[in-house]
Amino acid sequence: MMVHPVSLDLRMRIAAALSDGMTVRAAAVRFGVSTATAVRIGQRVRSGKGLMPAKIGGYVKPILRDEAADAVRQRLVAKSDWTVLRALSADLKAAGISVSHDTISRFLRSGGKTFKKNTGGMRTGQAEGGPVPSSLEDTSAQT
């Protein structure tokens with residue numbers, strides 16, 4: 001079930017009922033919306049923000065940016081074998097940057113870094129006659 005805003009027509013009817021003195025709970029029951037929705041509509045009317053619904057969803061800026069992103073990059077240069085993201089997360093937390101391992105994983109993937117593993121969950125072995133791959137490979141450099 002997808003989230004959708006309450007229609008403008010319904011918002012106007014709820015606002016009119018509230019301005020005529022109906023209680024929030026009674027308006028919610030009458031129009032078939034939650035009490036919280038009726039409260040928010042009343043608050044928007046009283047504050048003068050209008051009844052148009054706000055945008056749902058949108059772009060969320062990544063948490064790792066500026067100094068935090070630089071700290072991750074510096075640690076990757078110093079030690080490129082961060083096979084356990086939780087260890088990198090703990091290292092960053094010790095430095096005063098509190099982020100989850102999922103956030104670090106998304107940051108690395110957005111930068112083109114991936115952890116190459118085989119189907120057994122282990123690191124891939126040496127290619128025939130090739131060098132041993134590092135645990136953190138740059139996918140943008142592959143052809």
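Every number in this text was worked out from the coordinates using simple rules, so none of it is lab data. Not measured: the values here are computed from a predicted model. No Cβ is skipped: glycine too gets one built from the backbone with ideal geometry, and neighbour counts run over all protein chains shown.
Below is a table of values for the structure above.
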read-out: Segment 26-115: relative contact order as a whole-number percent, Cα under 8 Å and 6+ apart; value: 18 percent
read-out: Residue exposure sequence - ILE41, ILE56 - by fewest surrounding Cβ within 10 Å; value: ILE56, ILE41
read-out: Neighbour-count ranking [beta-carbon atoms within 10 angstrom, fewest first] of ARG75, ARG30; value: ARG30, ARG75
read-out: Calculated FRET efficiency for the pair ILE56/SER110, C-beta based, R₀ 30 Å, to 0.05; value: 0.80
